[in-house]
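*Asks:* Quick one: the structure is below, questions incoming.
Each reported figure results from applying straightforward, stated rules to the coordinates on display, with no laboratory input. This is a predicted model, so every value here is computed, not measured. For neighbour counting, all protein chains shown are included, and Cβ atoms are generated from backbone atoms with ideal geometry for every residue, glycine included.
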Amino acid sequence: MKLNIKYFGLLAEVTQCAAEVIDFSGSSVSELLELLFEKYPILENKDFQVAQNQKIVSIDTLVSEHEIALLPPFSGG
Amino acid sequence: MKLNIKYFGLLAEVTQCAAEVIDFSGSSVSELLELLFEKYPILENKDFQVAQNQKIVSIDTLVSEHEIALLPPFSGG
Amino acid sequence: MKDRKPKNVFKEGAISSEFIGQSIAKHQSKTSIGAHNIFLGQVRADVIDGKTVSAIEYTAYEEMANAKFHEIRESAFEKFNLTCMHIYHSLGTVKIGEICLFVFVSSPSRKDVFKALEFIVEAIKADVPVYGKEIFEDASHQWKVNS
Amino acid sequence: MKDRKPKNVFKEGAISSEFIGQSIAKHQSKTSIGAHNIFLGQVRADVIDGKTVSAIEYTAYEEMANAKFHEIRESAFEKFNLTCMHIYHSLGTVKIGEICLFVFVSSPSRKDVFKALEFIVEAIKADVPVYGKEIFEDASHQWKVNS
């Protein structure tokens, strides 16, 4: 399936990418992350959460929505 | 001694007096209150604190300053 | 901005929203501040025994009240890490919907402003000799009691 | 004034003191309100490794952030007796001394506003995907971390 991957804050900086479309044939978030770590090895040491369709999910969650975001620690306010 | 007695809020209303000079020959705050209750019997049922020279004092305190205020419950803010 | 001398906290009549906006603007040059917390007391149109409050008339034992405000101020600066603190209280008539109390604290960090503001407002309600007379629409009145 | 539809909390650039003053003024027609509590986040000129912050550049996962702000809003209305609640957060560049977060709660009673405001501000810091990039005077930067 085609996924819209979004990167925020520090992660957009290190990947030099704010958003991209990725073709994903696996099933869980952790499989998706393996794919992204291959593409951007620097991501592997970074602290972040994953949101699927704007909800924070665990790495065991099945990828079922098109919008996946990688969110480093929040620093609003 | 001459005392400046000040009445605030509800007490100024019921005594119809905001401030007056009273000649006092007793010693404690409670003796002063007896004198004031004689003059204004309505004060006896009212809830208030006494301040001497702008400090809250107990009725056992000796009257040693000229400025005595009768303060009903505060309602600022 | 610790200020060690007592000052006059009272303002005649309501505290305007422009005044509050200007107070905020004045703090933009203080670049060690990270958090402001503002409390505003506004006069409510309470309905009591079928009669509606139209205004509160404030009086105070002014010298003692200013001394108490100063004590509260000193004690808040001692307890909390504050950069600035401002307190204004109305005297005279404040109509419903208008502001009668403005407390403004600023600090590098938000934890301090939350604790400090609540401390100051509670101390004002408990310790400062200010009196509110609630004026009803029919011109009768009752003396306000703080809860 | 409960408002059940999510709205856009973000404003481009700093939040002005005039805007805050005007927000306060708009509440003077709501005569059931007795207490307002306002939190303002201001950008600090922090010095980090000898370099001074000159501005913060805010970005956000906007759709998710607005949904989160809405959740926080709903949950505050459920927990506390509030008449009104307003939240504004900056996006883009906010210079030191300028305001980047404005949270405004109003209630008949002061107890509710104190608890509600702290709850909302802590929830914003913890749960909303907003990112601050601290820009130093020499144009280098670092990503802000909330404490």
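*Asks:* Sequence gap at least 6, Cα distance under 8 Å: using those rules, report the relative contact order of chain C to the nearest whole percent.
*Replies:* 36
*Asks:* Defining a contact as two alpha carbons under 8 Å apart and six or more residues distant in sequence, what relative contact order in percent does chain B show?
*Replies:* Rounded, it is 38 percent for chain B.
*Asks:* Can you put D:V130, B:V29, D:V103 in order, fewest other beta carbons within 10 Å first? Don't jump to the answer; show the numbers that get you there.
*Replies:* Values: D:V130 29, B:V29 18, D:V103 25.
Least crowded to most crowded, the residues run B:V29, D:V103, D:V130.
*Asks:* Also: Using the structure shown, list the pairs from D:K11/D:K111; A:K46/D:K95; C:K115/D:K125; C:K51/C:K133; B:K2/B:K55 with a Cα-Cα distance above 21 Å, or answer none.
*Replies:* Violating the 21 Å limit, Cα to Cα: D:K11/D:K111; A:K46/D:K95.
*Asks:* Go ahead and run the numbers for FRET between A:N4 and A:I42, Cβ-Cβ distance against an R0 of 25 Å, rounding to 0.05.
*Replies:* 0.75
*Asks:* Give me Rg over Rh for the protein assembly as shown, both radii from the alpha carbons and Rh done the Kirkwood way, two decimal places. Don't skip to the answer; put the middle values down first.
*Replies:* Numbers: Rg = 27.8 Å, Rh = 24.9 Å.
Over the Cα atoms of the protein assembly as shown, Rg/Rh equals 1.12.
*Asks:* Output wanted: per-residue J couplings in Hz (rounded whole) for region C:91-101, from phi through Karplus 6.51 cos²θ - 1.76 cosθ + 1.60, θ = phi - 60°, x for Gly and Pro.
*Replies:* The phi angles translate into 10, x, 8, 10, 7, 4, x, 8, 9, 10, 9 Hz.
*Asks:* Quick one: what are the phi-derived ³J(HN,Hα) couplings along region D:73-83, Karplus 6.51/-1.76/1.60 with θ = phi - 60°, whole Hz, x for glycine and proline?
*Replies:* Working through the residues one at a time gives 4, 4, 5, 5, 5, 6, 7, 10, 7, 10, 8 Hz.
*Asks:* Follow-up question, since we're still on this one. In the P(r) worked out for chain D, what percent of Cα pairs fall beyond 22 Å?
*Replies:* Working: 4485 of 10731 pairs.
Of all Cα-Cα distances in chain D, 42 percent exceed 22 Å.
*Asks:* Quote the FRET efficiency, to the nearest 0.05, computed for D:V47 versus C:S75 with a Förster distance R0 of 25 Å and r equal to the Cβ-Cβ distance.
*Replies:* 0.25
*Asks:* Rounded to the nearest 500, what is the 222 nm mean residue ellipticity of the protein assembly as shown from helices alone, with -39500 (n - 2.57) per DSSP H run of 4+ residues and division by all residues? Each step should come with its number before you reach the end.
*Replies:* Working: 10 runs with 126 residues, N = 448.
My calculation for the protein assembly as shown gives -9000 deg cm²/dmol from helical runs alone.
*Asks:* For chains B and A related by rotation, which residue of B has the Cβ nearest the axis, and what is the rounded distance in Å?
*Replies:* B:G77, 14
*Asks:* Here's another thing I want to ask about it. For A:V63, enumerate residues with amide H under 5 Å from its amide H, sequence gap 5+ or separate chain, H modeled in the peptide plane.
*Replies:* The answer is A:S28, A:V29.
*Asks:* In nm, one decimal, shortest first: how far is the label point of D:D138 (7 Å from Cα along Cα to beta carbon) from the matching points in the other copies?
*Replies:* For D:D138, the inter-copy label distances come out at 7.6 nm.
*Asks:* Pairing the Cα long axis of helix B:29-39 with the longest principal axis of chain B, what angle in degrees results, from 0 to 90 and rounded to the nearest 10?
*Replies:* Value to nearest ten degrees: 60.
*Asks:* With the dipole of region D:1-108 worked out from charges on the C-beta (+1 for Lys and Arg, -1 for Asp and Glu) around the Cα centre, which of D:A65, D:F102, D:S75 lies farthest toward the positive end?
*Replies:* D:S75
*Asks:* Pairing the Cα long axis of helix C:110-127 with the longest principal axis of chain C, what angle in degrees results, from 0 to 90 and rounded to the nearest 10?
*Replies:* So the helix axis and the longest Cα principal axis differ by about 40 degrees.
*Asks:* Looking at A:F74, A:Q16, A:Q52, which one has the Cα that reaches farthest to the positive end of the dipole of chain A (charges on Cβ: Lys, Arg +1; Asp, Glu -1)?
*Replies:* Most positive-ward Cα: A:F74.
*Asks:* Follow-up. Which distances, in nm and shortest first, link the A:S25 label point to the same label point in every other copy, taking 7 Å along Cα→Cβ?
*Replies:* In nanometres, ordered from closest: 11.3.
*Asks:* Using only Cα atoms, find the angle between the long axis of helix D:17-26 and the longest principal axis of chain D, and express it within 0 to 90 degrees, rounded to the nearest 10.
*Replies:* That helix lies at roughly 10 degrees to the long axis.
*Asks:* Next question, about the same structure. Please express the Cα-Cα pair-distance distribution P(r) of region B:2-71 as a list of whole percents, one per 10 Å bin, running from 0 to the bin with the greatest distance.
*Replies:* Each 10 Å bin holds this share of Cα pairs: 21, 63, 16.
*Asks:* A further question follows. Apply the Karplus parameterisation 6.51 cos²θ - 1.76 cosθ + 1.60, with θ equal to phi minus 60°, to every residue of region D:134-147 and state each ³J(HN,Hα) to the nearest whole Hz, in sequence, with x for glycine and proline.
*Replies:* Per residue, the Karplus-derived 3J(HN,Hα) values read 7, 9, 8, 4, 8, 6, 6, 8, 8, 7, 5, 10, 6, 9 Hz.
*Asks:* Hey, for A:F37 with labels 7 Å out along Cα-Cβ, what do the inter-copy distances come to in nm, ordered shortest first?
*Replies:* 8.3
*Asks:* When B:C17, C:C84, D:C100 are ordered from fewest to most other Cβ atoms inside 10 Å of their Cβ, what list results?
*Replies:* Arranged by neighbour count, lowest to highest, B:C17, C:C84, D:C100 become B:C17, C:C84, D:C100.
*Asks:* Let's see if you can work this out: charge +1 on each Lys and Arg Cβ, -1 on each Asp and Glu Cβ, no other charges. What is the dipole magnitude of the protein assembly as shown about its Cα centre, in debye to the nearest 20?
*Replies:* On the way: 48 positive and 60 negative charges, 103 e Å.
In total the dipole reaches around 500 debye.
*Asks:* So, one more: Return the long-range amide H neighbours of C:G34 (sequence gap of 5 or more, or a different chain), with a cut-off of under 5 Å between placed amide H atoms.
*Replies:* Excluding prolines and chain starts, which carry no amide H, the hits are C:S107, C:S109.
*Asks:* Tell me which C residue has its C-beta closest to the axis rotating C onto D, and the distance in Å?
*Replies:* For the rotation taking chain C to chain D, the closest Cβ gives C:G21, 1.
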